[in-house]
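Okay, so here's the structure we're looking at.
Every read-out reported here was derived from the displayed coordinates using simple, explicitly stated rules and does not represent laboratory data. This one's a predicted model, so the numbers in the text were calculated from it and none came from an experiment.
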Amino acid sequence: MSHIHVACGIIERNGKVLAARRGAQKAMALKWEFPGGKIERGESVEECVRRELWEEMGIGVAIKAVLPSHTHHYPDFSVTLYPVVCTIISGEIVLHEHAAIRWLPPADLRDIDWDEADFPVIDSYLAGVRGGEREDNQSGKGRGEKQGFNT
């Protein structure tokens, strides 16, 4: 069974969080997700999320925090998500990979049809919002470290 490593951007703006809807032709079609993509060999989590958000949406982001990673097992593969809380610092969103976006208050994040791998990420993010935390990842994973994953 294959295992992929994905950095995902939890983009905050004006008290809301961006959710992106996958296209109809993609795996997990029309599910909502945090935008991002596969971490390339030698790339840090932060480098990956910056690259992916530029490629997928045409935006530059500033990193606020790296949250704990979460692994989800599907029948055919496993995915480890590396969530990165960030804000837009340049560009305007243009959808190159997604069918739609929504800006949601944190309290409403669980109200849409997310891909199941994202629920632990949402829970971790909401725990930080409720606790007022916005510190760098406490576990040491991610922050500036090169991952070296095979993609």
Stretched fully, the stretch from Glu97 through Ser2 gains (0.36 nm per residue minus C-alpha distance, one decimal, in nm) 31.9 nm
In nm, what is the difference between 0.36 nm times the number of residues separating His73 and Asp108 and their Cα-Cα distance?
10.1 nm
Which labelled figure in (i) 14.9, 44; (ii) 14.2, 41; (iii) 26.3, 104 is Rg and Dmax of the Cα atoms in Å, once derived from the coordinates
(ii)
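For the chain, what number of Lys pairs, 8 or more residues apart or on separate chains, have alpha-carbon atoms under 17 Å from each other?
Taking the Cα cut-off of 17 Å, the pair count is 5.
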